[in-house]
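Below is one structure, written out as structure tokens, with a few remarks after it.
The values are calculated or read from the model by the stated rules, or taken from the named source; none is laboratory data. Keep in mind the model is a prediction, meaning the values are calculated, not measured. Note that we place each Cβ from the backbone using ideal geometry, even for glycine, and neighbour counts take in every protein chain shown. Side chains included, ligands, DNA and RNA excluded: accessible areas come from the protein's heavy atoms. Shrake-Rupley method; radii C 1.70, N 1.55, O 1.52, S 1.80 Å.
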Amino acid sequence: MKNLIRVAFLALITCSVHAQNKNVLKATETKTTTVKNSQGEKKIISTNETKEIQNIELEEAKPNTLNIPMKESPVMVTQKTELSVDGKTKYFDVDHSAYYMYNDKKYQVKGDEYGYSLSNSDSKKNSYLRKTSNNNYIFVNDGKVSSAYFDELGNLIIDTYNEKTDRITTEKYMISK
């Protein structure tokens, strides 16, 4: 009987220890449009899914307080668009094709079949951005491989590891508007 009570108590404590460590907001918006023309009627269904994920980080606990305030932390936003025309469905992520400025030079990010290519008028070679499974990108430029992502304002952020200094350098390509 004592063992049964101990096991039940241990199971209760184990189940209550797990806490939420992420705020997740998922919103879906669906638009249905019917187009009539000389070829007939087409039904177009557009579904936009926006997912915001924020890691929960707490500030230091203050003595004699009941609640612990939450630290400001970055929000990862991903958007996915599903377009269905007469039953044929296509999926689209947010398109980051645009012009960006870095060190007073203008760069163009263009979508290609595997991700994006980055080029400017001075360089003959393109650099490439390839999407990874966690919505970041691998940036390949002149034999160097870096990590890249787009921030919430649409700017391109590239983090490169320098072996000689054992540091990470961050380059921020500002989107041109």
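Looking at (1) touching a His at 6+ places or on another chain (Cβ under 8 Å); (2) of a type in the set (A, V, I, L, M, F, W, C); (3) open to solvent by 60 Å² or more (accessible area, probe 1.4 Å), which is the one condition that is false for residue 109?
(3)
I'd like to check something: does the range 136-145 contain any residue that is over 17 Å from the mean Cα position of the chain (by Cα), farther than 23 Å from residue 78 by Cα and open to solvent by less than 80 Å² (accessible area, probe 1.4 Å)?
Looking for residues that are over 17 Å from the mean Cα position of the chain (by Cα), farther than 23 Å from residue 78 by Cα and open to solvent by less than 80 Å² (accessible area, probe 1.4 Å), one finds at least one in the range 136-145, hence yes.
Pick from 50, 28: which is surrounded by fewer than 12 Cβ atoms within 10 Å (Cβ to Cβ) and among the hydroxyl-bearing types (Ser, Thr, Tyr)?
28
Can you tell me how many residues within the range 1-25 are open to solvent by 90 Å² or more (accessible area, probe 1.4 Å), under 29 Å from residue 152 (Cβ atoms) and at pLDDT 65 or above?
The total comes to 3.
Go over the candidates 161, 149 one by one and state the one that is within 25 Å of residue 53 (Cα to Cα), of a type in the set (Phe, Trp, Tyr) and open to solvent by 70 Å² or more (accessible area, probe 1.4 Å).
Within the list 161, 149, the selection yields 149.
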